[in-house]
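Worksheet for the structure shown next.
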Amino acid sequence: MGHWWYRNIVEPGKLPLLLALTSFILSFVITRTITRLIRAGKGPFRNITPGGLHIHHVVPGVVLTVVGGFGAIAGAQTPSWEYLAAVVFGVGAGLVLDEFALILHLHDVYWTEQGRQSVEVVVITAALVGLVLSGFLPFGVNEVSAAERHDRAAVIVSVCVNFLFALFALAKGKPRIAVLGVLVPVLALVGAVRLARPGSPWARRFYRRRSRARRRAQSRAERHDARWGGVRRRLQDWIGGFSEPGS
(Lines give C-alpha, C1' and ligand atoms only; values in the text may rest on other atoms or scores of the structure.)
Protein backbone atom coordinates (compact mmCIF):
# COMPACT_ATOMS: atom_id res chain seq x y z
CA MET A 1 0.00 0.00 0.00
CA GLY A 2 2.82 2.38 0.90
CA HIS A 3 4.59 1.72 -2.40
CA TRP A 4 1.35 2.27 -4.36
CA TRP A 5 0.70 5.53 -2.46
CA TYR A 6 4.17 6.87 -3.16
CA ARG A 7 4.27 5.77 -6.80
CA ASN A 8 0.77 6.88 -7.79
CA ILE A 9 0.09 9.89 -5.54
CA VAL A 10 3.26 11.33 -4.02
CA GLU A 11 5.80 10.88 -6.83
CA PRO A 12 3.58 12.32 -9.62
CA GLY A 13 2.83 15.30 -7.33
CA LYS A 14 -0.88 14.51 -6.96
CA LEU A 15 -1.19 14.85 -3.19
CA PRO A 16 -2.25 18.53 -3.38
CA LEU A 17 -4.89 17.58 -5.95
CA LEU A 18 -6.17 14.80 -3.68
CA LEU A 19 -6.37 17.21 -0.76
CA ALA A 20 -8.17 19.80 -2.90
CA LEU A 21 -10.69 17.24 -4.20
CA THR A 22 -11.36 15.84 -0.72
CA SER A 23 -11.86 19.28 0.81
CA PHE A 24 -14.02 20.30 -2.18
CA ILE A 25 -16.39 17.35 -1.70
CA LEU A 26 -16.49 17.74 2.09
CA SER A 27 -17.13 21.48 1.74
CA PHE A 28 -20.08 20.85 -0.57
CA VAL A 29 -21.56 18.08 1.60
CA ILE A 30 -21.20 20.06 4.85
CA THR A 31 -22.58 23.23 3.25
CA ARG A 32 -25.60 21.42 1.83
CA THR A 33 -26.24 19.77 5.18
CA ILE A 34 -26.13 23.10 7.00
CA THR A 35 -28.35 24.90 4.48
CA ARG A 36 -30.90 22.08 4.69
CA LEU A 37 -30.92 22.34 8.47
CA ILE A 38 -31.37 26.12 8.27
CA ARG A 39 -34.22 25.70 5.82
CA ALA A 40 -35.90 23.14 8.07
CA GLY A 41 -35.39 25.34 11.15
CA LYS A 42 -33.31 22.71 12.91
CA GLY A 43 -30.04 22.98 14.77
CA PRO A 44 -28.08 26.05 15.84
CA PHE A 45 -27.32 27.32 12.34
CA ARG A 46 -28.83 30.51 10.92
CA ASN A 47 -28.37 32.66 7.84
CA ILE A 48 -25.76 35.42 8.16
CA THR A 49 -27.63 38.70 7.68
CA PRO A 50 -25.67 41.65 9.13
CA GLY A 51 -27.72 44.81 8.76
CA GLY A 52 -30.39 42.85 6.92
CA LEU A 53 -28.00 41.87 4.11
CA HIS A 54 -27.96 38.13 3.42
CA ILE A 55 -24.35 37.04 2.97
CA HIS A 56 -24.39 34.03 0.64
CA HIS A 57 -21.68 31.44 1.19
CA VAL A 58 -20.37 32.09 -2.31
CA VAL A 59 -18.79 35.24 -0.84
CA PRO A 60 -16.41 33.53 1.61
CA GLY A 61 -16.02 30.86 -1.09
CA VAL A 62 -14.60 33.39 -3.52
CA VAL A 63 -12.25 34.73 -0.84
CA LEU A 64 -10.96 31.25 0.04
CA THR A 65 -10.56 30.31 -3.62
CA VAL A 66 -8.49 33.42 -4.29
CA VAL A 67 -6.38 32.90 -1.16
CA GLY A 68 -5.86 29.22 -1.92
CA GLY A 69 -5.05 29.79 -5.58
CA PHE A 70 -2.52 32.55 -5.03
CA GLY A 71 -1.20 30.77 -1.95
CA ALA A 72 -0.45 27.66 -4.02
CA ILE A 73 1.49 29.77 -6.52
CA ALA A 74 3.36 31.69 -3.85
CA GLY A 75 4.33 28.58 -1.90
CA ALA A 76 4.96 26.23 -4.82
CA GLN A 77 8.41 25.30 -3.47
CA THR A 78 7.16 24.61 0.06
CA PRO A 79 5.20 21.32 0.26
CA SER A 80 3.46 22.00 3.57
CA TRP A 81 2.27 25.42 2.37
CA GLU A 82 1.18 23.90 -0.95
CA TYR A 83 -0.92 21.30 0.87
CA LEU A 84 -2.57 23.94 3.04
CA ALA A 85 -3.30 26.09 -0.01
CA ALA A 86 -4.86 23.08 -1.76
CA VAL A 87 -7.23 22.50 1.16
CA VAL A 88 -8.20 26.18 1.31
CA PHE A 89 -8.78 26.25 -2.44
CA GLY A 90 -10.90 23.08 -2.32
CA VAL A 91 -13.09 24.45 0.48
CA GLY A 92 -13.56 27.72 -1.39
CA ALA A 93 -14.39 25.97 -4.66
CA GLY A 94 -16.99 23.84 -2.88
CA LEU A 95 -18.68 26.95 -1.45
CA VAL A 96 -18.61 28.74 -4.80
CA LEU A 97 -19.92 25.90 -6.95
CA ASP A 98 -22.66 25.09 -4.43
CA GLU A 99 -24.10 28.45 -5.49
CA PHE A 100 -23.14 28.19 -9.15
CA ALA A 101 -26.77 28.71 -10.20
CA LEU A 102 -26.91 31.97 -8.25
CA ILE A 103 -23.85 33.23 -10.13
CA LEU A 104 -25.28 32.09 -13.46
CA HIS A 105 -28.71 33.66 -12.99
CA LEU A 106 -27.60 36.59 -10.77
CA HIS A 107 -30.53 35.73 -8.54
CA ASP A 108 -31.07 33.57 -5.45
CA VAL A 109 -32.33 30.38 -7.08
CA TYR A 110 -30.73 28.01 -4.55
CA TRP A 111 -33.91 26.01 -3.85
CA THR A 112 -35.59 26.48 -7.22
CA GLU A 113 -35.54 24.37 -10.37
CA GLN A 114 -32.59 26.38 -11.68
CA GLY A 115 -30.73 25.60 -8.48
CA ARG A 116 -30.34 22.01 -9.63
CA GLN A 117 -27.63 23.28 -11.98
CA SER A 118 -25.36 23.79 -8.97
CA VAL A 119 -25.59 20.11 -8.05
CA GLU A 120 -24.86 19.05 -11.62
CA VAL A 121 -21.81 21.31 -11.84
CA VAL A 122 -20.44 20.01 -8.54
CA VAL A 123 -20.88 16.38 -9.62
CA ILE A 124 -19.28 17.03 -13.01
CA THR A 125 -16.38 18.91 -11.42
CA ALA A 126 -15.74 16.14 -8.90
CA ALA A 127 -15.84 13.54 -11.69
CA LEU A 128 -13.36 15.45 -13.85
CA VAL A 129 -10.95 16.09 -10.99
CA GLY A 130 -11.30 12.46 -9.98
CA LEU A 131 -10.35 11.48 -13.53
CA VAL A 132 -7.18 13.57 -13.37
CA LEU A 133 -6.38 12.21 -9.93
CA SER A 134 -6.98 8.56 -10.75
CA GLY A 135 -5.12 9.46 -13.60
CA PHE A 136 -3.68 7.65 -16.40
CA LEU A 137 -0.35 7.75 -14.65
CA PRO A 138 1.60 7.44 -17.86
CA PHE A 139 2.16 11.17 -17.57
CA GLY A 140 4.58 11.38 -14.73
CA VAL A 141 6.41 8.61 -12.85
CA ASN A 142 10.16 8.27 -13.03
CA GLU A 143 12.27 5.15 -13.53
CA VAL A 144 9.93 3.09 -15.70
CA SER A 145 10.91 0.14 -17.79
CA ALA A 146 10.73 -0.08 -21.59
CA ALA A 147 7.63 -2.26 -21.31
CA GLU A 148 5.97 0.29 -19.02
CA ARG A 149 6.82 3.11 -21.43
CA HIS A 150 5.22 1.11 -24.26
CA ASP A 151 2.12 0.48 -22.18
CA ARG A 152 1.91 4.12 -21.24
CA ALA A 153 2.16 5.20 -24.87
CA ALA A 154 -0.75 2.90 -25.67
CA VAL A 155 -2.75 4.39 -22.81
CA ILE A 156 -2.02 7.93 -23.98
CA VAL A 157 -3.30 7.10 -27.48
CA SER A 158 -6.38 5.45 -25.99
CA VAL A 159 -7.06 8.47 -23.77
CA CYS A 160 -6.75 10.89 -26.70
CA VAL A 161 -9.09 8.86 -28.90
CA ASN A 162 -11.62 8.51 -26.11
CA PHE A 163 -11.40 12.25 -25.41
CA LEU A 164 -12.23 12.87 -29.08
CA PHE A 165 -15.33 10.68 -28.72
CA ALA A 166 -16.27 12.66 -25.61
CA LEU A 167 -16.01 15.91 -27.59
CA PHE A 168 -18.36 14.48 -30.22
CA ALA A 169 -20.83 13.52 -27.48
CA LEU A 170 -20.58 17.04 -26.05
CA ALA A 171 -21.24 18.58 -29.48
CA LYS A 172 -24.30 16.34 -29.76
CA GLY A 173 -25.79 17.89 -26.63
CA LYS A 174 -24.89 15.10 -24.19
CA PRO A 175 -22.67 16.73 -21.54
CA ARG A 176 -23.29 14.08 -18.88
CA ILE A 177 -22.36 11.24 -21.22
CA ALA A 178 -19.33 13.23 -22.37
CA VAL A 179 -18.07 13.65 -18.79
CA LEU A 180 -18.85 10.09 -17.72
CA GLY A 181 -17.46 8.87 -21.02
CA VAL A 182 -14.08 10.30 -20.13
CA LEU A 183 -14.15 7.94 -17.17
CA VAL A 184 -15.88 5.02 -18.95
CA PRO A 185 -14.68 4.87 -22.58
CA VAL A 186 -17.66 2.86 -23.91
CA LEU A 187 -20.07 5.63 -22.89
CA ALA A 188 -18.15 8.22 -24.90
CA LEU A 189 -18.31 6.01 -27.98
CA VAL A 190 -22.08 5.46 -27.55
CA GLY A 191 -22.67 9.18 -27.12
CA ALA A 192 -20.59 9.95 -30.20
CA VAL A 193 -22.35 7.57 -32.59
CA ARG A 194 -25.98 8.06 -31.53
CA LEU A 195 -28.27 10.81 -32.77
CA ALA A 196 -27.68 14.31 -31.44
CA ARG A 197 -30.19 15.98 -29.16
CA PRO A 198 -32.42 18.65 -30.73
CA GLY A 199 -30.93 22.10 -30.34
CA SER A 200 -27.38 20.84 -29.92
CA PRO A 201 -24.57 22.37 -32.03
CA TRP A 202 -24.35 19.11 -34.00
CA ALA A 203 -28.10 19.07 -34.75
CA ARG A 204 -28.11 22.72 -35.80
CA ARG A 205 -25.18 22.11 -38.12
CA PHE A 206 -25.97 18.73 -39.66
CA TYR A 207 -29.76 18.21 -39.26
CA ARG A 208 -30.94 21.50 -40.77
CA ARG A 209 -31.88 19.89 -44.09
CA ARG A 210 -32.58 16.41 -42.76
CA SER A 211 -36.16 16.51 -41.52
CA ARG A 212 -36.23 12.78 -40.81
CA ALA A 213 -33.12 13.01 -38.64
CA ARG A 214 -34.65 15.95 -36.75
CA ARG A 215 -37.86 13.99 -36.08
CA ARG A 216 -35.94 10.91 -34.94
CA ALA A 217 -33.74 13.03 -32.70
CA GLN A 218 -36.76 14.73 -31.13
CA SER A 219 -38.54 11.42 -30.58
CA ARG A 220 -35.47 9.78 -29.05
CA ALA A 221 -34.83 12.75 -26.77
CA GLU A 222 -38.42 12.65 -25.50
CA ARG A 223 -38.21 8.91 -24.78
CA HIS A 224 -34.86 9.34 -23.04
CA ASP A 225 -36.11 12.21 -20.87
CA ALA A 226 -39.25 10.29 -19.94
CA ARG A 227 -37.17 7.28 -18.90
CA TRP A 228 -34.26 8.95 -17.11
CA GLY A 229 -35.52 12.41 -16.18
CA GLY A 230 -37.21 11.13 -13.02
CA VAL A 231 -34.13 9.18 -11.95
CA ARG A 232 -31.91 12.22 -12.41
CA ARG A 233 -34.29 14.44 -10.44
CA ARG A 234 -34.49 11.95 -7.57
CA LEU A 235 -30.69 11.84 -7.42
CA GLN A 236 -30.55 15.64 -7.39
CA ASP A 237 -33.22 15.70 -4.67
CA TRP A 238 -31.19 13.26 -2.58
CA ILE A 239 -27.98 15.26 -2.97
CA GLY A 240 -29.39 18.78 -2.90
CA GLY A 241 -32.56 18.44 -0.81
CA PHE A 242 -34.87 20.03 -3.38
CA SER A 243 -37.84 17.81 -2.50
CA GLU A 244 -37.81 18.76 1.17
CA PRO A 245 -40.53 21.01 2.68
CA GLY A 246 -40.31 24.55 1.40
CA SER A 247 -39.24 23.62 -2.15
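The values are calculated or read from the model by the stated rules, or taken from the named source; none is laboratory data. For clarity, every value in this text was computed on a predicted model and none was experimentally measured. All Cβ positions, even for glycine, are placed from backbone atoms using ideal geometry, and neighbour counts span all protein chains on display. These accessible areas exclude ligands, DNA and RNA; they are computed on the full protein's heavy atoms, side chains included. Shrake-Rupley method; radii C 1.70, N 1.55, O 1.52, S 1.80 Å.
Miscellaneous remarks
- Top of GLY230, GLY43, GLY71 by mean-square fluctuation, Gaussian network on the chain, Cα under 10 Å: GLY43
- Per-residue ³J(HN,Hα) for the range 236-242, Karplus 6.51 cos²θ - 1.76 cosθ + 1.60, θ = phi - 60°, Hz, x for Gly and Pro: 5, 5, 5, 6, x, x, 6
- In order along the range 70-86, phi translates into HN-Hα couplings of 5, x, 5, 5, 5, x, 4, 9, 10, x, 4, 5, 5, 5, 5, 4, 5 Hz, rounded to whole numbers, per the Karplus curve 6.51 cos²θ - 1.76 cosθ + 1.60 with θ = phi - 60° and x for Gly and Pro.
- Total formal charge among the other residues, if their Cβ is under 15 angstrom from that of VAL62, Lys/Arg +1 and Asp/Glu -1: -2
- For the chain, the carbon plus sulfur part of the accessible surface works out to 68%, probe radius 1.4 Å.
- For the range 187-195, 3J(HN,Hα) computed residue by residue from phi via the Karplus equation (6.51, -1.76, 1.60; θ = phi - 60°) reads 4, 4, 5, 4, x, 6, 8, 7, 4 Hz, glycine and proline entered as x.
- Extension gain from ILE38 to VAL10, taking 0.36 nm per residue of separation minus the Cα-Cα distance: 6.1 nm
- For the chain, a crude dipole built from +1 on the beta carbon of Lys and Arg and -1 on the beta carbon of Asp and Glu, taken about the Cα centre, is about 1900 debye to the nearest 20.
- GNM result for the chain, Cα springs below 10 Å: residue of ARG214, ARG227, ARG32 fluctuating most strongly: ARG227
- Net charge of neighbours whose Cβ lies under 14 Å from the Cβ of ALA188, counting Lys and Arg as +1 and Asp and Glu as -1: +4
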